[in-house]
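The values are calculated or read from the model by the stated rules, or taken from the named source; none is laboratory data. This is a predicted model, so every value here is computed, not measured. Glycine also receives a Cβ, built like all others from the backbone with ideal geometry; neighbour counts cover every protein chain displayed. The protein model used for the area step is the full one, side chains on, heavy atoms only, and it has no ligands, DNA or RNA in it. Shrake-Rupley method; radii C 1.70, N 1.55, O 1.52, S 1.80 Å.
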Amino acid sequence: MAAAVLGAGLLSTGSAQASVFPCNVSGHVINCTTVTGIDPGSYLQVRQGPGYGYPNQWGWPRLNNGDRVGLACWTTGDGAADNSGYRYWMRIDNGIAFGYVNDWYLSTGGPGSWQQIIRQC
């Protein structure tokens, strides 16, 4: 199990890391990005679906700025807590479980940067 988690890239990376980049998740190279924009003392919780009304997803730690996540696909759902008009959610993968986070809190660069390389769910 430890290899799967390390392979998922949940190790912190520098804030200079931006956009979408390839990484290894459980022996498979997929698109990844880092968490950003989380207030100090707070964290990003992974959900079972694309909205804040969904329960927390089992198999995921609380995510902090700089944590790396694998990107499986994107969909739309609730607006971001800090921008209610931003409704894009990423289905993320850590090699053990899938879950959803609002793309507002990821350093993907926004839909113009990633819609050509990340499939819609």
**Prompt:** Can you give the net charge of the other residues whose Cβ lies under 13 Å from the Cβ of residue 61, counting K and R as +1 and D and E as -1?
**Reply:** +1
**Request:** Round to the nearest 10 and report in Å² the accessible area of residue 84, as given by a 1.4 Å probe over the protein chains' heavy atoms.
**Result:** 90 Å²
**Complete:** Of every Cα-Cα pair in the chain, the percentage lying beyond 24 Å is 15 percent
**Prompt:** What is the sum of charges around residue 30, taking Lys and Arg as +1, Asp and Glu as -1, for the other residues whose C-beta is under 12 Å from the C-beta of residue 30?
**Reply:** +2
**Fill in**
Contact order relative to length for the chain, counting C-alpha pairs under 8 Å separated by 6 or more residues, stands in percent at 29 percent
**Prompt:** What does the accessible area of residue 89 come to, in Å² to the nearest 10, when a probe of 1.4 Å is used?
**Reply:** 0 Å²
**Item:** Modelled FRET efficiency - R0 22 Å, residue 58 with residue 24, Cβ distances, 0.05 increments
**Value:** 0.45
